[in-house]
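The values are calculated or read from the model by the stated rules, or taken from the named source; none is laboratory data. Predicted, not measured: the structure shown is a model, and the values here were computed from it. Note: ideal-geometry Cβ built from the backbone for every residue, glycine included; neighbour counts use all protein chains shown. Each accessible area value is taken on the protein alone, full model and side chains, heavy atoms only, with ligands, DNA and RNA left out. Shrake-Rupley method; radii C 1.70, N 1.55, O 1.52, S 1.80 Å.
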Amino acid sequence: MASSFNLVIGSAKFIFAPIERCLNCKRNFDENMKILQKLLKELNTVKEVIELRLSAESHGGTMQTEEVKNWLDDVQRIKTEIEIIEHKTKEKKFLSRAFLGKTVEEKVFELKAFLRKGKAFLGMVKSFKYIIVGGGVAAGYAAREFDRQGLKPGQLAIISKESVAPYERPTLSKGYLNPNPKAAARLPEFHVCVGSGGDRLLPDWYKEKGIQLILGTEIVKVNLALKTLVSAAGEIFKFQTLIIATGSTVIRLTDFKVEGADAKNIFYLRELEDADKLVESIKMKKHGKAVIIGGGYIGLEVAAAMRINDFDVTMVYPDPWCMPRLFTPTIAAFYESYYENKGIKIIKGTVSIGFNANANGEVKGVKLKDGRVLEADIVVVGVGARPLTALFKGQLEEDRGGIKTDGFFKTSMPGVYAVGDVASFPIKLYNETRRVEHVDHARKSAEHAVKAIKANETGKELEEYDYLPYFYSRIFELSWQFYGDNVGESLFFRDINPLSPKPKFGSYWIKDGKVVGAFLEGGTPEENKAIAKVSRLNPPVENLDQLKKEGLSFASKF
């Protein structure tokens, strides 16, 4: 009986063994197919990153081009073979697991080895939770805010084309050009965040906080969908969250092919390196002739600095008055008269069309459109700037010449934020989108973006950015501040006397019967706070004559 039972069991095992093996094949096949699909997805990512790096303008030469090309060609072969397997699977259904199981298993093994080879071409990919592209003012203030929000070591990297830690850029056109060696501003004294009254963030600070400063590194390719950045040296950086803080670059006369614009001693002022070259030239060309092209921020501030350095200074600009985007003709007339009393010559309503140079290639003359030729040992050009957004063209929505963001500086791509000069953001006070090029906005937008990033991670609520436009300058013994909007009718208060030892005057802008902006020269900290407050509150004005009579005391009432 027992032998009969064992015979039945043995026969059953013999009959069902193939079925059991087939079921096991199916289970193994399904698992391997899942692995194959996962590896295929990873392969596509590695392929795109390799292609991104190859398309960069320049790289470190660590990739063997022919070998990489062959690898990329093999990608399509492998993808085709996997498609054939998938097609056969659908045709044969259940039994295909048994027939194709070994093939799929071998393909998984091959694909793993193939991926290892692809990743080896890329070298070490540096990954960070947060990356800030750009190493200017905004980057420094964002780093400080990350630290305040509880940043963990190793989470943040700042990638900067410049070779120094973030610094207060306005110093370059002010204290950096001071002729007194003891009074001249030099690093490390103006690293951020000293410009807003905070502590200086020296390079060691970033090291102590576990923030990686990747300096002297230019990003030349970006793929936001892959969350990948490629440097000019071929380095690859991966991020989870990106803050674009690339700022602006100066507009150069060489961009317009102005004759002789590449001569030596023609300077632009944007980075520390620019300022160093200008300072060196000032020392070499003592008591020489300087021509300043442009009547905006840089033009006015550098003209003052060159005069303090005892240069014969001439300003040239095409507009009917200086700072036309902000100053009224009345305000501009004061500063122009003040400059002329300081010995600075001003030529308005014309532009430079070319430059003469000596045998050494140094600039010697500035040719104007009106036919005049100005002698020059040094030329400083300040004709504007443009936001550095080219890396992100076609990947992010744009508006008003910048990268469009919401009130938290989120862009159209999840996990990507834009701050400072490059951001076109909603100004709640005026219910419109604007792009603001000023250090105050760079600082505040960077801090707000970091708060928004952390609020998004923790589920906390955060108010939208509520910015009051603010501009200021310090030239010679003068110091002015402006808040709000310069639209509508302007109303000037107090007398202007450019010979006064301590001039104090201002202007209100009135639109729809309300004060929307205010300017003040020579104000105390309390008075400047008062015009800031009145510009935000937008109080109604019933009588313009009364407002002019009250002047600064009107703002002080609020």
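A few points about this structure:
- Which listed residue, of E145, E162, is in contact with a Lys or Arg (Cβ under 9 Å, 6 or more places away or on another chain), in contact (Cβ under 8 Å) with a residue 24 or more places away in the chain, open to solvent by less than 40 Å² (accessible area, probe 1.4 Å) and among the acidic types (D, E): E145
- Selection count where residues are part of a helix (DSSP H, G or I) and under 18 Å from S412 (Cα atoms), scope region 424-454: 7
- Criterion violated by L201 - all others in (1) surrounded by 15 or more Cβ atoms within 10 Å (Cβ to Cβ); (2) of a type in the set (A, V, I, L, M); (3) within 23 Å of G415 (Cβ to Cβ) satisfied: (3)
- Among the residues of region 393-409, the ones that are part of a loop (DSSP other than H, G, I, E, B) and either hydrophobic (A, V, I, L, M, F, W, C) or closer than 30 Å to E463 by Cβ (or both) come to 10 in all.
- Residue check for Y130: within 16 Å of the chain's Cα centre (by Cα), part of a strand (DSSP E or B) and either buried (at least 17 other Cβ atoms within 10 Å of the Cβ) or of a type outside the set (G, A, S) (or both): yes
- Any hit, region 245-253, residues being open to solvent by 20 Å² or more (accessible area, probe 1.4 Å), more than 30 Å from I353 (Cα to Cα), in a loop (DSSP other than H, G, I, E, B) and modelled with pLDDT of 95 or more: yes
- Candidate set: region 276-290, residues that are under 17 Å from P181 (Cβ atoms) and either in contact (Cβ under 8 Å) with a residue 60 or more places away in the chain or in a helix (DSSP H, G or I) (or both); chosen: the one most open to solvent (accessible area, probe 1.4 Å): M284
One line per residue, one yes/no per condition, for (1) more than 30 Å from A305 (Cα to Cα); (2) touching a strand residue (DSSP E or B) at 6+ places or on another chain (Cβ under 7 Å); (3) not β-branched (V, I, T):
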site: A449; (1), (2), (3): yes, yes, yes
site: E461; (1), (2), (3): yes, no, yes
site: A518; (1), (2), (3): no, yes, yes
site: E526; (1), (2), (3): no, no, yes
